[in-house]
Every structure is written in C-alpha cells, then in structure tokens.
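Notes to accompany the following structure.
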Amino acid sequence: KNEGRSRFLFFTPSMDVDVRSREESYRELRLALADCDQQLRVHYQPIYAMDDGRMVGVEALLRWQHPEQGLVGPADFIRSAEESGLIEVVGEWVLRRAIRDARAWPGLRVAVNVSPIQLRSRKFVETVSQVLAENGVSPERLELEMTETALMAASGDVARSLSELRRLGVACALDDFGTGYSSLSHIRDFAVDRIKIDRSFVNAVATVPGAALVEAIVSLARANGLRLTAEGVEEQEQYAFLKRVGCHEVQGYLLSRPVPAGEVSSLLQGSRRAAKGISMQAAPPL
Ligand code: C2E
Ligand code: MG
Ligand code: MG
Ligand code: MG
C-alpha cells in the first residue's frame, strides 16, 4: 500500500496526492457509515476510583473495523471525519451505541468523547436527552469528554449547550488536560465537572518538575471542586504517586486496556468483588 502511494507521488504534485487520498478516505468513511453496525466498534476502557479500587466508569473509544486494514484506531480517522463533516453522524452513532451498551452495566458511568463540531450543532442537546430517555439511562451516568481546544473555540452556542447538558444532569470533562492551548485558569473558567490529566503528564511524574506540575494541577482542580482522572497510567509508581497527591480516579493499561462491550460486565463484577476484599488498600485491582 505504501509503495503504491509513493510511486504515485513520484509522478504527481504532492498537493494532488493529498487531495486525492483525502477524498479517498472520505469516501471510505462514508461507506463505513452506510454500514455503521458492521464497520464501527466501540471499545470501553475501565476507570477506577483510587479510594477503594472500584471500577466506577468506562470511556467509550471508537474503532473502525476496516475491510482491508483491520481494526483502525480513532487517531487515524477522527480528523478526516471532522474535516468531511461526517463526525456528526459518527458521533451520534457512538453516543447511541454507548448508551445502549450502558443498560447492561447498572450504576456505571459512561464517558463519551465529543468533537467540537458536535457541540456546535443546535440539536446536540436534544439528541443526547432523547437517547438517554429512549434507553432509560439516567443522565447522571453520562459524561461527555471534550478538549480544552474545543471549549476555547466555543461560541455562545456551545456555552449554552454545555449549561443545558449540565442542567440535564450530564457531566462534562475536560479531556487531555494540559495539552493544547492550556491554561490553568481554564480550571476556573470552564463550567466542567472533571479534569482528565493527559497521559504525557502522567508519563513525566518520575521527574521532579513533572511531579510538581501534576501536583499543582491536582491541588488547583481540587480547590475548585473538580473531580480528577489521570489517563494513561502504565506503571505502579505512577499509580502510587497519583494516589498520594489526591487524584480521584485512574485509567490506563496498568489497570485495563479498552475492551469490547461484552467484556465489561465481568471486569465490573471482578472489581466489585475485589473492592469488598481490598477496600482502602493502596493496591490497584489488577
Ligand atoms: P482520549 O479521549 O484521550 O482517550 C484515551 C486514549 O488513550 C485512547 O486511545 C486509549 O486507548 C489510550 N490509552 C488509555 N490508556 C493508555 C495507556 O496506559 N497507555 C497508552 N499509551 N495509551 C492509553 P484511542 O482509543 O486510540 O483514542 C484516541 C483519541 O481519539 C481519544 O483520546 C479521543 O480524543 C479520540 N476518540 C476516541 N473515540 C472517539 C469518539 O467516539 N469521538 C471522538 N470525537 N473522538 C474519539
Ligand atoms: Mg477521552
Ligand atoms: Mg484524553
Ligand atoms: Mg488523548
């Protein structure tokens, strides 16, 4: 595949190749969307509370079961879904899928990533409340994750949608906190319930400045009444540090990778059993 592309590039101005491959990827994506239930998948990554080690939520993460390329991650296609405008359809499909799956996991919070484009759409709030109602899932169980960049670009419409969502009882989380056009003042300025500390910061807690930065984020967020989840926790030392500085929840390969919906229930039961036994201990539920 790569060889084919580069040979093509040899004969054609690269601008053309960009346009062509972009159009090709839109076309493929459109085909996938005509057949969402076949080609799109949502995997769920467990999120654990640090005080008792219980699994308290899952994050819905989109995958594309590509006919030729196999399972493709969102990093490779969300952007073209946004550029082509197809993200609204994709995003609504993910929302429906996640809320429908959530019925099987009583009491579990389900986090869904939303693109700024979805937030800007006038009917977004209505769709969210409709999908929740149709499935009998309480709004308190849904959390929408959005990036700082998305909120910074927020117009009055987005701000209104956010406050309507929160009035419904749906929580909002600031994803990838610390990346992009970050400012610690966002902790105060944005009407969000939670901050998700980006993996790159979690990665750096072994260094003195890295640890200081995470500690500062945690204390600022806590002082402002926000909940905190650390993303991308891969090592026991990171877990121990985050627990010590007062981060509320963790998510990462140390605890679990994203799994298909069918595997969530058994992880949930396992964690509830384990939590009874190890409650208040420092060990993560491995
Ligand atoms: P995100 O929302 O920050 O999601 C966390 C990403 O980190 C996921 O990647 C997850 O698989 C990965 N991850 C979790 N724990 C670890 C760890 O311990 N180590 C490492 N190295 N990685 C870890 P994924 O699934 O590839 O998703 C990438 C991004 O794509 C997401 O980042 C989110 O921004 C976006 N995305 C995923 N699903 C959707 C969706 O349905 N809609 C929209 N708009 N964006 C989505
Ligand atoms: Mg996320
Ligand atoms: Mg993130
Ligand atoms: Mg990320």
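Specify the residue that is nearest to residue 140 (Cα to Cα); the eligible residues are those in region 179-199 that are within 16 Å of ligand 3 (Cβ to nearest atom) and acidic (Asp, Glu).
Looking at the filtered set, the residue picked out is 193.
Pick out the one residue from 102, 81 that is within 17 Å of residue 258 (Cβ to Cβ), more than 16 Å from ligand 3 (Cβ to nearest atom) and surrounded by 22 or more Cβ atoms within 10 Å (Cβ to Cβ).
Just one listed residue meets the conditions, 102.
Which of the residues belonging to region 138-189 are of a type in the set (A, V, I, L, M) and modelled with pLDDT of 85 or more?
Residues satisfying the conditions are 142, 144, 146, 162, 165, 168, 170, 171, 173, 174.
Among the residues of region 131-150, is there at least one that is more than 17 Å from residue 45 (Cα to Cα), within 16 Å of ligand 4 (Cβ to nearest atom) and touching a Phe, Trp or Tyr at 6+ places or on another chain (Cβ under 7 Å)?
Yes, there is a match, as at least one residue in region 131-150 is more than 17 Å from residue 45 (Cα to Cα), within 16 Å of ligand 4 (Cβ to nearest atom) and touching a Phe, Trp or Tyr at 6+ places or on another chain (Cβ under 7 Å).
Here's a check for you: in region 224-274, which residue that is within 16 Å of ligand 2 (Cβ to nearest atom), of a type in the set (S, T, N, Q) and in a loop (DSSP other than H, G, I, E, B) is farthest from residue 51 (Cα to Cα)?
256
Scan region 20-48 residue by residue and report those that are of a type in the set (A, V, I, L, M) and under 19 Å from residue 251 (Cβ atoms).
Residues satisfying the conditions are 42, 47.
Which residues, counting only those in region 108-130, are away from ligand 1 (no atom under 16 Å from the Cβ) and surrounded by 15 or more Cβ atoms within 10 Å (Cβ to Cβ)?
Correct list: 108, 125, 129.
Mind listing just one residue for me: the one in region 88-118 that is over 15 Å from residue 138 (Cα atoms) and among the small types (Gly, Ala, Ser) and, of those, nearest to the chain's Cα centre (by Cα)?
Ranking the candidates gives 115 first.
What is the number of the single condition among (1) out of contact with any His (no Cβ under 9 Å at 6 or more places or on another chain); (2) within 16 Å of ligand 2 (Cβ to nearest atom); (3) in contact (Cβ under 8 Å) with a residue 40 or more places away in the chain that residue 198 does not meet?
Of the numbered conditions (1) out of contact with any His (no Cβ under 9 Å at 6 or more places or on another chain); (2) within 16 Å of ligand 2 (Cβ to nearest atom); (3) in contact (Cβ under 8 Å) with a residue 40 or more places away in the chain, the odd one out for residue 198 is (3).
Does residue 212 satisfy the condition of being among the aliphatic types (A, V, I, L, M), surrounded by fewer than 20 Cβ atoms within 10 Å (Cβ to Cβ), at pLDDT below 95 and on the phi < 0 side of the Ramachandran plot?
Considered against the rule, which asks whether it is among the aliphatic types (A, V, I, L, M), surrounded by fewer than 20 Cβ atoms within 10 Å (Cβ to Cβ), at pLDDT below 95 and on the phi < 0 side of the Ramachandran plot, residue 212 comes out as no.
Identify, by number, the condition in (1) within 15 Å of ligand 1 (Cβ to nearest atom); (2) more than 22 Å from residue 35 (Cα to Cα) that residue 95 doesn't meet.
Failed condition: (2).
Does residue 133 meet the test of being without any contact (Cβ under 8 Å) to a residue 24 or more places away in the chain, loosely packed, with under 15 Cβ neighbours inside 10 Å and among the hydrophobic types (A, V, I, L, M, F, W, C)?
yes
Please list, ordered by first then second residue, the pairs with beta carbon atoms under 7 Å, 6 or more apart or interchain, first in region 241-260 and more than 17 Å from residue 225 (Cα to Cα) and within 13 Å of ligand 1 (Cβ to nearest atom), second of a type in the set (Gly, Ala, Ser) and in a loop (DSSP other than H, G, I, E, B).
Pairs that qualify, where the first residue is more than 17 Å from residue 225 (Cα to Cα) and within 13 Å of ligand 1 (Cβ to nearest atom) and the partner is of a type in the set (Gly, Ala, Ser) and in a loop (DSSP other than H, G, I, E, B), are 252/232.
Only one of these conditions is not met by residue 163: (1) surrounded by fewer than 21 Cβ atoms within 10 Å (Cβ to Cβ); (2) polar (S, T, N, Q); (3) within 16 Å of ligand 2 (Cβ to nearest atom). Which number is it?
(3)
The values are calculated or read from the model by the stated rules, or taken from the named source; none is laboratory data. Owing to the predicted nature of the structure, the values given are computational and were not obtained by experimental measurement. Every residue, glycine among them, receives a Cβ derived from its backbone with ideal geometry; neighbour counts consider all protein chains shown.
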